[in-house]
Amino acid sequence: SGRPAIGAICSACGHPDLDPALDLGRVPLPGRFPLRETPVRSDEVRNRLTMLLCRACGLAQLGRDAGPDAHRTAFGPEYRDVDHTVRIIREAGLLSGGTISEFGTPEGERWLPRLQPFGFRTSRHGEPASVVVDSFALERELDQRRALRERAAALAPDGTLLLEFRSLSAVIAQRRWD
């Protein structure tokens, strides 16, 4: 129909005005794409893949009708360098030891091993962390406002929140909307 599903709202700002930016129709789930020479079965294309653009905040996001597994990926992030990022953040004075809490995806790298040499340890349950890291997890949350509140609640008042995510330009350049 060219319009998002009724009741669709932006996963970041909650605004109800989403415009379709891309509609690929029904496609297989990520990681289950058949080989080019293999015929596509009807049971492999049950999820509609659309990208919506929020008029209020500009977030590009998967449509809700993509299916429950659409936000999972078969590919690990390939275009990041955690050690380089840690060096930049340390030089900015944002890492001075303390506690860390991580929100991550199964394929994401763990930050704690890279921060332990600088005096970091995992925060205990309920203990505010001096650094909260989200490694490619926020982009997969259907309710990003709730997810950001969770990360903020885990953060000490003078703490640092590090968000690691794919830019839309990188997704398009690498042709990996997964």
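Taking the criterion of being at pLDDT below 90, open to solvent by less than 60 Å² (accessible area, probe 1.4 Å) and hydrophobic (A, V, I, L, M, F, W, C), the residues of region 134-161 that qualify are F136, A137, L138.
Cβ-Cβ distances below 6 Å connect the following pairs, each with a first residue in region 129-144 that is within 24 Å of I89 (Cα to Cα) and among the charged types (D, E, K, R), a second residue that is open to solvent by 30 Å² or more (accessible area, probe 1.4 Å) and not in a loop (DSSP other than H, G, I, E, B), and a separation of six or more residues or different chains: D134/F103; D134/L163.
Among the numbered criteria (1) open to solvent by less than 70 Å² (accessible area, probe 1.4 Å); (2) at pLDDT 75 or above, which single criterion is violated by T73? With respect to (1) open to solvent by less than 70 Å² (accessible area, probe 1.4 Å); (2) at pLDDT 75 or above, T73 is out only on (2).
Considered as a group, the residues in region 1-46 that are within 21 Å of L138 (Cα to Cα) and at pLDDT below 65 include one that is surrounded by the fewest Cβ atoms within 10 Å (Cβ to Cβ), and that residue is G31. Considering only residues in region 93-117 that are open to solvent by 70 Å² or more (accessible area, probe 1.4 Å) and part of a loop (DSSP other than H, G, I, E, B), the one that is modelled with the lowest pLDDT turns out to be P106. All conditions but one from (1) open to solvent by 50 Å² or more (accessible area, probe 1.4 Å); (2) within 20 Å of the chain's Cα centre (by Cα); (3) at pLDDT below 80 apply to L53; the one that does not is (3).
The values are calculated or read from the model by the stated rules, or taken from the named source; none is laboratory data. Note that the structure is a prediction, hence the values are computed from the model and not measured. In this analysis, Cβ positions are derived from the backbone assuming ideal geometry, glycine residues included, and neighbour counts consider all displayed protein chains. These area figures cover heavy atoms from the full protein model, side chains too; ligands, DNA and RNA do not enter into them. Shrake-Rupley method; radii C 1.70, N 1.55, O 1.52, S 1.80 Å.
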